[in-house]
1. Step by step: first the residues of region A:233-252, then only those that are over 18 Å from residue A:145 (Cα atoms) and in a helix (DSSP H, G or I), then the one that is nearest to the other protein chains (Cβ to nearest Cβ). Which residue is that?
2. Can residue B:48 be described as under 23 Å from the mean Cα position of the chain (by Cα), surrounded by fewer than 17 Cβ atoms within 10 Å (Cβ to Cβ) and within 25 Å of residue B:278 (Cα to Cα)?
3. So, in region C:22-46, exactly how many residues are more than 15 Å from residue C:72 (Cβ to Cβ) and at pLDDT below 90?
4. Just wondering, is there one or more residues in region B:198-206 that are under 30 Å from residue B:268 (Cα atoms) and at pLDDT 90 or above?
5. For the condition part of a helix (DSSP H, G or I), at the interface with another protein chain (Cβ under 10 Å from one of its Cβ atoms), more than 60 Å from the chain's Cα centre (by Cα) and surrounded by 11 or more Cβ atoms within 10 Å (Cβ to Cβ), what is the one hit in A:588, A:625?
6. Select from region A:36-73 the residues that are assigned to a loop (DSSP other than H, G, I, E, B) and within 14 Å of chain B (Cβ to nearest Cβ) and list them in ascending order.
7. Do you know which of the residues in region B:508-526 that are part of a helix (DSSP H, G or I), touching a helix residue (DSSP H, G or I) at 6+ places or on another chain (Cβ under 7 Å) and in contact (Cβ under 8 Å) with a residue 40 or more places away in the chain is nearest to the other protein chains (Cβ to nearest Cβ)?
8. Could you please find all residues in region B:318-353 being under 19 Å from residue B:257 (Cα atoms), within 9 Å of another protein chain (Cβ to nearest Cβ) and part of a helix (DSSP H, G or I)?
């Protein structure tokens, strides 16, 4: 059974290789090949899952060692895999949601001439992501880590002829690289501290390391997590990443890749547990991002960017939970899984709306769509109820647990964190209700909305094949797109209850991550009630603003905060001024320095020799008299010197 | 006496050079095929050497040959290879066929040029490439300091003619400006390296005065038995003499400025020859001569060299970001990479030195891939300026794809071979000098910046009118690029064949320098 | 009479000759100045010979005369041929070898 692990990765990898190298011959079947191989990976995962369930809780970890990857005196990295409950959870999530989104893309990308390549990239992503969660050492994890970064780069920039997409892709890769720097430094620290960076070796020896070392490693891992999971201060790429096709946003930038940071922290629990100061930083990062993302989500009119803000915020919840230590790890992962369902569902819903609306992304040009797209409306609505934590749906179970855990942190910190998570829940309810109302309710603003001018960059250029720029005729998407949405909606509704009731998820994951119940100063009932009340407040405010009153088709100027939030709370402007401008000046001046100073020194030496010889040449004037004079002078000097030496 | 494999491996391309040069002026295609066949035969022979080489074998050098040459001065024709030499020999032999194939039309007589029976640029171009190959291969094999010095200097001559005589036709200023720039670059290349070589010559003579022999093995024996007395200051001066020459060749900041000119003005295959093959002699010689002849002085100079290497890494990358010329950008990226190699060598750890050796091989392959594709691109549009391109991926997707893979290799994406070596260098440096290791990781981010900016500006965006209708890669070009890419992926996932060859040699070097790896802090408790 | 006075006279003659070589442009005059310098040297040699009481100086003086005679032969030949070619005996006109 253990030997099946490599197949999990091999199937999509094969797909990527065949689709990307295959050439035009595969254009007609390529998308189905990709989907089948993704499904194959899911099936293998399911088989392994059933097998795992049949074993005792402590005997569930499986290993597969393929070969030694990098063997250099003392530094040994294996091409080896480890499949335990945590990895299993991810494998099922990634391959499951991945397969659904492959299916959806068959419909969504039907008119794109480069569809084969799109599926190749998607398969490449699956392979890299599975490698990330299956690796049994940090270096191999790093390979998956950068691999998903590459796939993300390729997919964000899939419509490369749009400069904005190309720029967004580059930005995502670069910001991720900053995070990757953290991961590589963490691996180096592990190597110098433990002499290994295999999971087993590091976790086994973590107890013996000094707290300082563990803190350093943890902070570097956190930096990596911030990059990949779009946490403050490395969050700026996620909003721009929405330039990619919507299925990509659903799979990579909502359900799976962006949660890799949470995986990394949970996986490294042994290291983080020994570094309380680092955990505090993790919690703070999570809390700040939670609010940050929520505020951004409130201000955006672009449906995908608003959802991206929401993703940021929800991952903030997970990071916060992971930073709480053993009281939070399980809930972080649980929220991650439920979030995978409902956020992927919401994105697919958004894609379906755009599909029917000539790829318009501005929610101010939507309105009243529930009549035209019933399936989308219902599935999106269920996802909406799940994310705001409507009692009984999956978000309720997972988010509630995180809020409880935040309070259970204890002391002032606990109160602050609890308050922040509650506030986040309220804002979530607000912006999601706003989105819901603007899209599916109210008057049909698209009827008298201006048709987009042909030269305005369309968000989804696939539209070109679908006859864009006409007045939109909202319609339901084909079945191949709605089926994945329905499946995900079912997950959004049921997953939470399935996991939460009877602590199923807790019992499943506890052997890997460990768990301890904190002592909450407030009882679970109070927390739940407070959550529901705040939820209703958020929904209520949104209803008053966007339900009762008509939504203006052009965004009002808004308050200072709104305007800042529309610009991602000015972080891009900050980056632009400090990093981009500063960097440009630096490189430009360095180019100058290299040319005129470093090269100048050498050229100057050459020039001065040239000048000197030019001047010395003039001494040779050809007059015998002057040669005689110099002879005479020389003789005189020699005689004088001789006499002087005599005298002394 | 056994068959002299090493001599023959070097003699074959030399013979090829002579034969190619002798092909009649009118038979240009024949000259090309002759050169290609000789380079492939050399590759085959190099493969035999690799197979014959026993990584676990005894003694520092294998397949040794020794003949007395100039008896009075203790100069002998000594050849032998260790793992590092074998790896680089294989790299050289591997790259030359691709260089020749990529430069198939670079020396063609221009249409409408005056017919001249005595003018034979094609023969000259390929003969010079083979001559360089012969000398580089022999320099990887030489275990006699004088012999090495001779080759180190002699390879400048064919390189000079390759740079100065066969420039890039794509020049903004027209033919006149191209010729001026080209001869400037060639002279600059020659002068820099000659100055380095001159200083090295003094040090070579110094070695003879001190040791009484030029033979590496003899000197090692003398050192082991304690018969070699070298004053500390003498050792340091001699070390500096050698190191300066190698630093110029490598090139290390601040003696790097010849490289962008030379790579920018020469044709893409020649640029590959410079950076992927000839420059490797410099870093190789640091490992073989600087460390093994002057272990104490090497340790003494380490901090300064590491700082210079660090400056090279960051400085080269920053300048690459600021370039407007594709080939100069790649040249500055190479400077950054050479910083990594030198840092790995002087970190004095197994990881660092193994990493540096792997880096030499991987950098050769990755730069070749990137540079050759860039050359194909440039030859299509006739311009080296990044701003003249845009949207190429739409019209020539295969070209864009291979360019991207070459770029990703340059930025050391895991899964491609440069990652393994770069990470080893970083780890090796970090375990001894944490601060330097951490600062060097900035190079990772900057590499992503210059590669992706280059890709974005040339390949993505709306299709520029000037690249409209640009043909995609031809079969010949695919034959050049595909094996390189396959090798990048293979060595990225399974570098073991290479590390198996290199590790024992690095172990040997480490023990010569009398260094051991720092122990992990927790090893006692494990 | 003190032989030192002869030395003074020799230096004076030498200086006059040297100054003439440096200052005058006419090749003949320069030539004569060279002769003057040689003879100043001869005078000094003879004076030293007397001073030290041996004949070495006088022998060298004879050598000098022979060399001077040879020099006159060659030198005058050059000057004459130069005059023929350039119609001038100025040494400044013979500066063609400069770069």
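1. Just the residues of region A:233-252 that are over 18 Å from residue A:145 (Cα atoms), to begin with: A:233, A:236, A:239-240, A:242-247, A:250.
Those left that are additionally in a helix (DSSP H, G or I): A:236, A:239-240, A:242-243, A:246-247, A:250.
Numbers: A:236: 15, A:239: 19, A:240: 13, A:242: 17, A:243: 12, A:246: 20, A:247: 21, A:250: 23 Å.
Ranking the candidates gives A:243 first.
2. On the way: under 23 Å from the mean Cα position of the chain (by Cα): yes; surrounded by fewer than 17 Cβ atoms within 10 Å (Cβ to Cβ): yes; within 25 Å of residue B:278 (Cα to Cα): yes.
Against the criterion (under 23 Å from the mean Cα position of the chain (by Cα), surrounded by fewer than 17 Cβ atoms within 10 Å (Cβ to Cβ) and within 25 Å of residue B:278 (Cα to Cα)), residue B:48 qualifies.
3. We begin by selecting, within region C:22-46, every residue more than 15 Å from residue C:72 (Cβ to Cβ); these are C:22-26, C:40-41, C:43-46.
Going one step further and asking which of them are at pLDDT below 90, we end up with C:22-26.
Counting residues in region C:22-46 that are more than 15 Å from residue C:72 (Cβ to Cβ) and at pLDDT below 90 gives 5.
4. Applying the first criterion (under 30 Å from residue B:268 (Cα atoms)) to region B:198-206 yields B:198, B:200.
Now narrow it down to the ones that are at pLDDT 90 or above: B:198, B:200.
Yes, region B:198-206 has at least one match.
5. Details: A:588 fails: more than 60 Å from the chain's Cα centre (by Cα).
A:625 is the lone residue from the list that is part of a helix (DSSP H, G or I), at the interface with another protein chain (Cβ under 10 Å from one of its Cβ atoms), more than 60 Å from the chain's Cα centre (by Cα) and surrounded by 11 or more Cβ atoms within 10 Å (Cβ to Cβ).
6. Start the filter on region A:36-73 by keeping residues that are assigned to a loop (DSSP other than H, G, I, E, B), which leaves A:54-56, A:60-61, A:73.
A:73 - this is the single residue of region A:36-73 that is assigned to a loop (DSSP other than H, G, I, E, B) and within 14 Å of chain B (Cβ to nearest Cβ).
7. Within region B:508-526, the subset part of a helix (DSSP H, G or I) is B:508-512, B:523-525.
Pick out the ones that are also touching a helix residue (DSSP H, G or I) at 6+ places or on another chain (Cβ under 7 Å) and you get B:509-510, B:512, B:525.
Next, only the ones that are in contact (Cβ under 8 Å) with a residue 40 or more places away in the chain stay: B:509-510, B:512.
Values: B:509: 12, B:510: 8, B:512: 15 Å.
Among those that are part of a helix (DSSP H, G or I), touching a helix residue (DSSP H, G or I) at 6+ places or on another chain (Cβ under 7 Å) and in contact (Cβ under 8 Å) with a residue 40 or more places away in the chain, it is B:510.
8. Listed by number, the residues that qualify are B:318, B:319, B:320, B:321, B:332.
The values are calculated or read from the model by the stated rules, or taken from the named source; none is laboratory data. Keep in mind the model is a prediction, meaning the values are calculated, not measured. Every residue, glycine as well, gets a Cβ built from its backbone with ideal geometry; the counts of neighbours run over all protein chains shown.
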